[in-house]
Structures are given as C-alpha cells and as structure tokens.
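Here is the structure we will look at.
Coordinate-derived values only; no laboratory data. Nothing here was measured: the structure is a model prediction, and the numbers come from that model. Quick reminder, even Gly has a Cβ in these numbers, built from the backbone with ideal geometry, and neighbours come from all protein chains shown.
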Amino acid sequence: MSSEGKTGSYTLTAFFDDEYDAEAAAEALMDAGIPKDAVTMTPGNRPDTDPIDHLGFLDALTGIFFHEKQRAAYATALERGGTLVTVQVNEQQHNIALPILAEKGQIDLDERE
C-alpha cells in the first residue's frame with residue numbers, strides 16, 4: 001500500500017504473515033540504500049506475549065497514513081500475528097522499494113477480507 005505525503009514523499013506499508021519475511025524485506029530495503037531510520041517494523045500479537053491493542057496504535061495514525069478501511073484491516077492482521085513494515089521514501093526510493101516488498105512476500109489484505 002502506498003500513500004503520498006508532502007511532495008515527492010511516500011509512505012509504503014506492507015504486511016507479512018511471517019516475521020522472518022518482514023525482517024528480510026527490511027534488510028533488503030536497507031541494502032538497497034533506504035536509510036535504517038526510514039524503515040519501521042510493527043510486530044503483531046505473539047502466542048507467548050500479552051495481546052497488544054493495535055487498534056489504538058493505528059487510531060493515532062488514521063488520517064495521517066491510513067484510511068479507516070486500512071486501519072481496521074491492519075489491526076486485524078496485527079491481532080493475527082502478522083508484521084507491518086512501514087517505509088518512508090522519496091520518489092526514486094519508491095520505485096526501488098515496491099518490488100522489494102512484493103518479492104519478499106507481502107500479503108494482500110484485500111484478498112483476505
């Protein structure tokens with residue numbers, strides 16, 4: 001998923017079922033020259049930890065990065081244990097990051113609804 005911020009600035013988000021796939025995507029983004037501080041991983045709930053209120057976290061971002069429908073889908077995916085990778089990129093990095101996220105196994109949340 002991609003949203004445009006200030007001119008030439010994009011926020012890309014991708015969900016991964018497997019945390020290792022998300023880590024591999026984050027590493028590949030950094031290997032491609034995207035700064036480490038531009039890549040964020042948000043882990044979902046894990047069987048060995050207390051549940052996290054991801055809806056509250058995503059509520060704070062509604063209107064900034066996510067539309068209401070995205071927020072609800074992302075919260076559900078995080079509750080199921082998926083991992084969200086968020087990347088802040090410029091236009092040139094956008095064209096580099098999109099294929100990396102797809103290649104590393106991002107899931108299509110629309111197919112799961």
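Details
- Residue order, fewest to most beta carbons within 10 Å, for D17, D37: D37, D17
- Burial ordering of E19, E91, fewest other beta-carbon atoms within 10 Å first: E91, E19
- Take the Cα of D31, step 7 Å toward its Cβ, do the same at D18, and the gap between the two points is 1.5 nm.
- Between K69 and N90, the modelled labels are 3.3 nm apart [label points 7 Å from Cα along Cα→Cβ].
- Phi to ³J(HN,Hα) by Karplus 6.51 cos²θ - 1.76 cosθ + 1.60 over segment 79-88, Hz, x for Gly, Pro: 4, 7, x, x, 10, 9, 10, 10, 10, 9
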